[in-house]
1. For a quick check of your reading of the model, give me the residue pairs whose first member lies in segment 1-30 and is over 14 Å from Leu43 (Cβ atoms), whose second is polar (S, T, N, Q), with beta-carbon atoms closer than 7 Å and at least 6 apart or on different chains.
2. Could you figure out which of (1) among the aliphatic types (A, V, I, L, M); (2) modelled with pLDDT of 95 or more; (3) over 27 Å from Glu256 (Cα atoms) isn't true of Ala200?
3. So how many residues does segment 270-311 have that are open to solvent by 50 Å² or more (accessible area, probe 1.4 Å), within 37 Å of the chain's Cα centre (by Cα) and among the polar types (S, T, N, Q)?
4. Counting just the residues of segment 110-138 that are in contact with a helix residue (DSSP H, G or I) (Cβ under 6 Å, 6 or more places away or on another chain) and more than 27 Å from Leu168 (Cβ to Cβ), which one comes out modelled with the lowest pLDDT?
5. Could you list, ordered by first residue, the pairs with Cβ atoms under 6 Å in which the first is in segment 55-69 and of a type in the set (Val, Ile, Thr) and the second is in a helix (DSSP H, G or I), at least 6 apart or interchain?
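The values are calculated or read from the model by the stated rules, or taken from the named source; none is laboratory data. If you're wondering where the values come from, they're calculated on a predicted model, not measured in any experiment. For neighbour counting, all protein chains shown are included, and Cβ atoms are generated from backbone atoms with ideal geometry for every residue, glycine included. Ligands, DNA and RNA are excluded from the accessible area calculation, which covers all protein heavy atoms including side chains. Shrake-Rupley method; radii C 1.70, N 1.55, O 1.52, S 1.80 Å.
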Amino acid sequence: MQDVPSLVAAAREGRPRAVARLISLVEGASPQLREVMAALAPLAGNAYVVGLTGSPGVGKSTSTSALVSAYRRQGKRVGVLAVDPSSPFSGGALLGDRVRMSDHASDPGVYIRSMATRGHLGGLAWAAPQAVRVLDAAGCDVVLVETVGVGQSEVEIASQADTSVVLLAPGMGDGIQAAKAGILEIGDVYVVNKADRDGADTTARELNHMLGLGESRGPGDWRPPIVKTVASRGEGIDEVVEALEKHRAWMDERGELAARRLARASREVEAIAVTALRERIGSLHGDRRLSALAARIVSGDLDPYRAADSLIQNLTGP
């Protein structure tokens, strides 16, 4: 068993090992997870959470590394949560993230953590919200969440970040991909990376055109900017940071930042409750109550919806 108060205190002092242990407790769904979250709750809520998403190969890790450098020049502490689609034991993309961000490995003002999705769809690990809270409570001013490169299912990042950045690159068919599955609806800032390649201007122009199609924004509403970058050389990254700060200021002015965080907390509570309920239902295999309801369905005495209502009532009480 871990000494949670001591771990939290050490994490607040910026000790990487303590932060790592807290996130490990989160990832492993430790029995101490409730104690950890209770200790972190009054300490979190100050970090600016930026999500970065996009198709594989657009340069998410390189862009994340460049953003870390830009924020560090401003003297801000930065946490990075790089979500990896592979097993946490076999390497895979995790190694790629580490190599691309190796410049920050010895910087005490930067904490980088790779986290496996473990089969969770939507581009994020199921424990990502709690891991973000750990980095927030540990004193990070900015938390960058880089999703896996899984294409159109990455839209979940919009519900987990204060600001969502969608990355595209020329010559990858991203103009078509951007029009699908709500990608055009989740971005607060769009970045056309690898802008030194042919077709970058065309990609930016097509993206701008698609953002204007069916636009129903009113006066004063946020219109996502399009920024061209060459992240490998750090070009255009200051402009991305500027766009992020403008979006944060706009959200503060409109009350949107508080609204997004309230919605995020609601979804987190709902997810925890649904997970707990699913675990309770999963333990009913072979239970007499479930067997009895199933028998009534087979005999035609009961329909499955009423059976499910009865089961839920038995599980949750009046």
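1. From residues that are over 14 Å from Leu43 (Cβ atoms), the pairs are Met1/Gln32; Gln2/Gln32; Arg21/Gln2; Leu25/Gln2; Leu25/Gln32; Val26/Gln130.
2. Condition (2) is where Ala200 drops out.
3. Count: 2.
4. By that ranking, first place goes to Ala127.
5. What qualifies is Thr62/Arg100; Thr62/Ala231; Thr62/Ser232; Val68/His104.
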